[in-house]
Amino acid sequence: MVASPALPHRHLTTLTLDVDFAGVVAVGATAAGRRGIAPVRGGRFEGEWLTGSVAPGHDWFVSRTDGALAIDVRLTLTTDDGATLYLTYQGTMRAASEAMARFRKGERLAPEDYKLHVIARFESGDPRYAWLNDTIVVGIGEQTPAGPIYRLFEIG
């Protein structure tokens, strides 16, 4: 068996969101699962390659019948040097059924009790950030009382 080379990657930015958990809108049971919409009040992103602020947005989520939490987030970002970026990411939060039951009741889980992974896509019309339009980005997340924190990595 030939050893595979390591996947080339670099840390792009760390995204910290402020989520209004009290303002979550419960859509209810749908064919996909129990759907809700969480308002994102804002946040920050910090990194060597991208730094700035997050405008209010939304996190559309589905508590699926298999126990996973599927997320679909769309945000407007403003870099510290004035560029506007569009960020969308989708992913899942997975944990043992007992841990997910505790999470759904509002309990904060220890980071080792779950996995939160996302695939992200940036868009920008600003020439300084045009390189983001074709960048493959993956991330790992952590839940906090204020909202998730994602470490986003460029692949390639």
key: Given (1) on the phi > 0 side of the Ramachandran plot; (2) among the small types (Gly, Ala, Ser); (3) assigned to a strand (DSSP E or B), number of the condition Gly82 does not satisfy   = (3)
query = Do you know which of the residues in the stretch 99-156 that are surrounded by 15 or more Cβ atoms within 10 Å (Cβ to Cβ), hydroxyl-bearing (Ser, Thr, Tyr) and out of contact with any Gly (no Cβ under 7 Å at 6 or more places or on another chain) is nearest to Leu12 (Cα to Cα)?
reply = Thr135
note = Within the stretch 70-94, restricting to residues that are of a type in the set (A, V, I, L, M) and closer than 13 Å to Val54 by Cβ, the one that is nearest to the chain's Cα centre (by Cα) is Val73
task = Provide a single number: the residues in the stretch 30-46 that are over 19 Å from Ala146 (Cβ atoms) and buried (at least 16 other Cβ atoms within 10 Å of the Cβ).
result = 3
ask   = Does the stretch 55-106 hold any residues that are polar (S, T, N, Q) and touching a residue at least 40 places away in the same chain (Cβ under 8 Å), and which are they?
value = Ser63, Thr79, Thr84
inquiry  = Under 8 Å between Cβ atoms, which residue pairs at least 6 apart in sequence (or on different chains) link something in the stretch 110-137 that is at negative phi and among the small types (Gly, Ala, Ser) with a partner that is surrounded by 12 or more Cβ atoms within 10 Å (Cβ to Cβ) and in a loop (DSSP other than H, G, I, E, B)?
reply    = Ser124/Ala83; Ala130/Ser124
note = Selection from the stretch 100-126 of residues more than 15 Å from Arg64 (Cβ to Cβ), in a helix (DSSP H, G or I) and modelled with pLDDT under 90 yields Arg102, Pro111
request  = Select from the stretch 49-93 the residues that are at pLDDT below 95 and charged (D, E, K, R) and write down the one among them that is surrounded by the most Cβ atoms within 10 Å (Cβ to Cβ).
outcome  = Arg64
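The values are calculated or read from the model by the stated rules, or taken from the named source; none is laboratory data. For clarity, every value in this text was computed on a predicted model and none was experimentally measured. Every residue, glycine as well, gets a Cβ built from its backbone with ideal geometry; the counts of neighbours run over all protein chains shown.
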